[in-house]
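To start, the structure itself, in structure tokens.
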Amino acid sequence: MPSSPAPRQITPRKFRKRGAALLLSAPMQPEVYAWEFDIPVARPSLWAFVSDTERLNRLAGVFPVHYQYKPLDSGGSEVVAEARTAGMLLRWVERPCEWVEPEYFRFTRDYSKGPFVRLVSEVRLRDGDRPGTTRLTHTITVTPRHFVGRMLARVAIGVQTKAGFARAYALAPQWAAGQELPAIGSERLPPRGFAARELRRVLVPLAHRLGEPQLAELLTHHLLSKPDSELDSLSPYTLARAWQVERGPLLRLFLHATKAGLFDLQYHLICPSCRRSKANVTSLADLREEGHCPSCNIRFGVDFDRAVEVRFSPRPLGVGEDAAEYCHAGPRNTPHRVAGWNFEPGTSRQVETTLEPGRHQLLSPQAGSVYFEVVDDADAPREAALTLAADGLSGAPERVRAGTVRFAVESRFAALAELMIARAKWADDAVTVAELTAMQEFRELFGSELLAPGAEFSIQNMVFLFTDLVGSTAMYERLGDAAAFDLVRRHFDLLSDIYSQHGGALVKTIGDAIMAVFRRGDDALRAALAMHAKVPALREAEGGAGLALRIGLHRGPCIAMTANERIDYFGTTVNTAARVQGIAGGHEVALSPAMLELPEVRAALAATRLPARTEELKLKGLSGRHAISIVEVPQGE
């Protein structure tokens, strides 16, 4: 019989290679890590803390991430992320976050490089057993790529991640109580000796000159105690809300400190969909009329009401330079969005959320968007069937009843589709370019900040004030050019103090008249009345007898552009404002119907108790008749 073949000899080296191959290739089943925490914070407050995943990940010591956006033909973008940890390069596709406030959020990562195939991290909140407490459950489901991945998960997730998030969640009561959070995890502070010296040398005396020394203390503490990730760009109104101080003085301090070299001005382009900053420039001249959001994969027109937000960078102080990104799309990154869900190709599912009264938007990057009203009406429906398809989002009701709302959603897309619900109302904590250019201090401090030649930017609402000096022609004949112009110049100086104090700015002078701009109608009305009150001082001057002001107020949309080396405004609203001024007589303020549509203007007018009349009048160059309200200001008031 033929002899049996001799057994193959396996050397130790070959054995090690085969063993390593098995360790790195064997398919693994998903492993689940779940932790529960009882936290003495009410669920709505805890949601605000944990849904800020950018901050939460930093507190937990999670590594920073670099994101890239790849546009999808079906709408939206694929988010590709990279990170390096423990010497390993990780690369994955970050699926859109799913969440319902204040109940849960879920992230899904599909890895192309690293020890894992997929990782799903979910945080759920439910009311605790005792009032004012919350039971938080954090579940991470990870599919290892191989045996080594499983071993790594048990250490990296089962031990290190658990400990990191336990430390982060333990800070929730401290945060909810308004206390400072310690610098832990990835938030270690670098030395800031230079910043401290410059703030003492420049900011403190500057704030004293402006009469706001306490603001210098608050701002200094913020700049020296916060991590760079929170200091990359500063929003004065957001800080004012957090510090419970007036917004205007803090914005003024930032502007003067920027002029002194402590900060850099930044103009951030804000996407109308996700409402996040997607790019920034350091000069108005660098703004363009169209913006692009790589994550939403949309282009949008740049207006000055919402699309450009003014922020301040402390980088001249050496602060905010090391800011890194830890989570690009947590729920708190888009706080106007109430909920979001993903739908696999060709699938249907029922989703629900709780909605408060107000205007909302159903939004799908793939199927488009629809607005609807949430109302306190028992007859309004609480359920609807929606379809996501290439020809649009269909089935949305015009209104739904406030409370728990359910949608049966069918996706007809051959790829992943998203559906989100967002509040239509924008937050009021952004300094817009429309507001900034209506500030006299900005125009004086940054007179060289002009728009690019030929660039035109829309503004949805601006309030215009036009004046005319009645009796000036006779004054010139009586006094001669030099003496008369001296009185006109004194009149300009008087008006300058008034529009500056009332939050307005001078756009230009036109002969002996002015054109000023305001963001609020009641500020413009109070400024107009204050201007009339100053006229007696002019009449008492030598040669000023018979002088009076007539003032017109109007508001509406306009176009901002650079003209004659200044930011100017054009359009029908501006022309109408000039015509309204022409209706007024001496010692009068004429208001257009658009002005009286504002409750704050009606309230301010009623508080004056001044006599007023309304006349149906034609305005030169404009069609139709207009109900102009004319306020009579007694001489000497």
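Accessible surface computed residue by residue for region 591-637, with neighbouring protein chains in place and a 1.4 Å probe, gives 60 Å² per residue.
A Förster radius of 51 Å, combined with the Cβ-Cβ distance separating Asp129 from Ala86, puts the computed FRET efficiency at roughly 0.85. Take the Kirkwood radius over Cα pairs of the chain, plug it into Stokes-Einstein at 37 °C and 0.692 mPa s, and you get 114 µm²/s for translational diffusion.
Annotation: per residue accessible area for region 343-427 equals 50 Å², rounded to a whole number [probe 1.4 Å, protein chains only]. Only Lys, Arg, Asp and Glu carry charge here, each on its Cβ (+1 for the first two, -1 for the last two); on that basis the chain has a dipole of about 3040 debye about its Cα centre. Taking one quarter of the surface of the convex hull spanned by the alpha-carbon atoms of region 292-399 gives a direction-averaged projected area of 10.3 nm². Can you give the percent of C-alpha pairs in region 66-119 whose distance is more than 16 Å? Distances greater than 16 Å cover 51 percent of the Cα pairs.
Would you kindly give the portion of the calculated P(r) for region 94-201 that falls above 24 Å, as a percent of all Cα pairs? Of the Cα pairs, 47 percent sit more than 24 Å apart. Taking the Cα centre of region 520-637 as reference, the dipole from Cβ charges on Lys and Arg (+1) and Asp and Glu (-1) amounts to some 260 debye. Residues in region 490-586 average 38 Å² of solvent-accessible surface per residue, probe 1.4 Å, ligands and nucleic acids excluded. Based on alpha carbons, the Rg and Dmax found for region 80-152 are 15.3, 45 Å.
Tell me which of Val431, Val400, Leu469 sits at the most positive position along the dipole axis of region 384-469, charges placed on C-beta atoms (Lys, Arg +1; Asp, Glu -1). The Cα lying farthest towards the positive end belongs to Val400. Projecting the Cα atoms of Pro44, Ser121, Gly158 onto the dipole axis of region 24-183, where Lys and Arg carry +1 and Asp and Glu carry -1 at the beta carbon, places Gly158 farthest toward the positive end. Based on C-alpha pairs under 8 angstrom that are at least 6 apart in sequence, region 266-332 has a relative contact order of 31 percent.
Using a 1.4 Å probe over the heavy atoms of the protein chains, calculate the carbon and sulfur portion of the accessible area of region 320-447 as a whole percent. Result for region 320-447: 43 percent of the exposed heavy-atom area is carbon or sulfur. The Cα-based radius of gyration of region 112-164, divided by its Kirkwood radius, gives an Rg/Rh of 1.15. Helix 481-501 versus the longest principal axis of the chain: what angle, 0 to 90°, nearest 10, using Cα atoms? Helix 481-501 sits at roughly 40 degrees to that axis. Ranked by the mean number of other Cβ atoms within 10 Å of their residues, highest first, the peptides 127-138, 614-625, 209-220 come out as 209-220, 127-138, 614-625. Only Cα pairs under 8 Å and 6+ residues apart enter the sum, and on that basis the relative contact order of region 378-497 stands at 15 percent. Take every pair of alpha-carbon atoms less than 8 Å apart whose residues are at least six positions apart; their mean separation over the length of the chain yields a relative contact order of 10 percent. With the dipole of the chain worked out from charges on the C-beta (+1 for Lys and Arg, -1 for Asp and Glu) around the Cα centre, which of Leu450, Ala578, Val308 lies farthest toward the positive end? Projecting each Cα onto the dipole axis, the largest value belongs to Val308. Every pair of different Cα atoms in region 481-637 enters the Kirkwood calculation, which places the hydrodynamic radius at 16.2 Å. Compactness of region 213-310, taken as the C-alpha radius of gyration over 2.2 N^0.38 Å, stands at 1.19. Along region 395-405 the Karplus relation, 6.51 cos²θ - 1.76 cosθ + 1.60 evaluated at θ = phi - 60°, assigns HN-Hα couplings of x, 6, x, 6, 8, 9, 7, 4, x, 6, 10 Hz to successive residues, with x for each Gly and Pro.
The values are calculated or read from the model by the stated rules, or taken from the named source; none is laboratory data. Just so you know, these numbers come straight off a predicted model, no measurement behind them. Using ideal geometry, Cβ is built from the backbone for each residue, glycine included, and neighbour counts are taken over all protein chains shown. Remember, those area values only see protein heavy atoms, side chains included, never the ligands or the DNA or RNA. Shrake-Rupley method; radii C 1.70, N 1.55, O 1.52, S 1.80 Å.
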